[in-house]
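Step one of this worksheet: look at the structure below.
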Amino acid sequence: MPVIDSIYKQQNLTIATTVFALGKYTRFIKDFLESAEQHYFVGFRVHFYLFTDQPESVPEVKMGENRSLTVLKVQSLNRWQDISMNRMEKLEKLIENELAGEADYVFCLDVDTMFYGRWGAESLGRLVGVMHPWLFDAPRDQFTYERRPESLAYIPAGEGDYYYAGAAFGGTLEDVHNLTKTCREHLNIDAVKSIEAVWQEESHLNKYFLLNKPSKLLSPEYMWRGINEGAAPIKIVRFANVPKNYAEVRSNA
Ligand SMILES: CC(=O)N[C@H]1[C@@H](OP(=O)(O)OP(=O)(O)OC[C@H]2O[C@@H](n3ccc(=O)[nH]c3=O)[C@H](O)[C@@H]2O)O[C@H](CO)[C@H](O)[C@@H]1O
Ligand SMILES: [Mn+2]
């Protein structure tokens, strides 16, 4: 076990980890969970919370000691954008109703992904963001922030520190609760005004991180483009997207 893991291990931590698989995205569950068993917080107590509209299609995955999976049924939604955005509200409620007293940290991850290298205690922090794999080396004016002032996700030209990935963020329960609650409220207010941010909850996450700086910034090693996408700029691929055919996998592409 790496030194940093053995130091954190003494704190007897529980890492809650959330993932959503609705519609055809249930196909990603098996590889996600099996690769997490190999690489993600190995040796720690990890509790996965899987939200799905099809609990019956969740595959059997053998979990290691001190690792568990809770499947939570959610209503199916028609638009992929709604599925993606709705995660903020579900996470907010999960932290309020289930995680208090049960976990120390929570990470919220996309399911169309796999772990390829170790992800351990070095990633822990009060509020944790990951640099987006396509925009980490882009100049600020190319960040795909929401640029319409009508949206609460609006970030004016010239502002913003990084472009953060929507597919991976985390931190302590208190900080991630505040993040998810704020993003959920802002998504709702935008919806009432019939405006949907250009990258949905990812846009609101970026606005939140502009006003509430992450205490830890992870490199794109923690959310890479894909295992076969040139990884020259990074040292090791720890977690990456798996290929998907958007038109085939999304109900509305
Ligand atoms: C790498 C990265 O930062 N990806 C972000 C990006 O596109 P992505 O192309 O990664 O979005 P996506 O299609 O993977 O959807 C995000 C997540 O929503 C869930 N899902 C989505 C559709 C569906 O039919 N069923 C289902 O379960 C699933 O957990 C998926 O991982 O932008 C999205 C919002 O616009 C999210 O912020 C993603 O996290
Ligand atoms: Mn994704």
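The values are calculated or read from the model by the stated rules, or taken from the named source; none is laboratory data. Nothing here was measured: the structure is a model prediction, and the numbers come from that model. Cβ sites come from the backbone with ideal geometry, for glycine too, and all protein chains shown count toward neighbours. Only protein heavy atoms, including side chains, enter the accessible area calculation; ligands, DNA and RNA are left aside. Shrake-Rupley method; radii C 1.70, N 1.55, O 1.52, S 1.80 Å.
I'd like to verify a number: residues in the stretch 131-166 that are within 16 Å of ligand 2 (Cβ to nearest atom) and farther than 16 Å from VAL198 by Cβ, how many?
Final tally of qualifying residues: 2.
Give me a count of the residues in the stretch 5-44 that are open to solvent by 40 Å² or more (accessible area, probe 1.4 Å), of a type in the set (D, E, K, R) and more than 15 Å from ligand 2 (Cβ to nearest atom).
3
Going through the stretch 235-253 one residue at a time, which ones are of a type outside the set (Ser, Thr, Tyr), open to solvent by 70 Å² or more (accessible area, probe 1.4 Å) and assigned to a loop (DSSP other than H, G, I, E, B)?
LYS235, PRO243, ASN245, ALA253
Taking into account only those residues within the stretch 195-234 that are more than 13 Å from ligand 1 (Cβ to nearest atom) and among the polar types (S, T, N, Q), which is least open to solvent (accessible area, probe 1.4 Å)?
So the residue we want is SER219.
Which pairs have Cβ atoms under 6 Å, sit 6 or more apart or on different chains, and link a residue in the stretch 4-24 that is in contact (Cβ under 8 Å) with a residue 60 or more places away in the chain and in a helix (DSSP H, G or I) to one that is hydrophobic (A, V, I, L, M, F, W, C) and away from ligand 1 (no atom under 16 Å from the Cβ)?
Partner pairs satisfying both residue conditions: ILE4/ALA121; ASP5/ALA121; TYR8/ALA121.
Please indicate, with yes or no, whether at least one residue in the stretch 81-99 is assigned to a loop (DSSP other than H, G, I, E, B), surrounded by fewer than 17 Cβ atoms within 10 Å (Cβ to Cβ) and of a type outside the set (Asp, Glu).
no
Mind checking which residues of the stretch 200-228 are of a type in the set (S, T, N, Q) and touching a Lys or Arg at 6+ places or on another chain (Cβ under 9 Å)?
SER215, SER219, listed by residue number.
Does the stretch 162-175 hold any residues that are away from ligand 1 (no atom under 15 Å from the Cβ) and in contact (Cβ under 8 Å) with a residue 12 or more places away in the chain, and which are they?
GLY171, THR172, LEU173, ASP175
Tell me, which residue of the stretch 109-133 that is of a type outside the set (Asp, Glu) and within 9 Å of ligand 1 (Cβ to nearest atom) is most open to solvent (accessible area, probe 1.4 Å)?
In this case the residue turns out to be HIS132.
I'd like to know if the stretch 100-107 contains one or more residues that are out of contact with any Asp or Glu (no Cβ under 7 Å at 6 or more places or on another chain), open to solvent by less than 10 Å² (accessible area, probe 1.4 Å), more than 15 Å from ligand 1 (Cβ to nearest atom) and closer than 21 Å to ARG67 by Cα.
Within the stretch 100-107, one or more residues are out of contact with any Asp or Glu (no Cβ under 7 Å at 6 or more places or on another chain), open to solvent by less than 10 Å² (accessible area, probe 1.4 Å), more than 15 Å from ligand 1 (Cβ to nearest atom) and closer than 21 Å to ARG67 by Cα.
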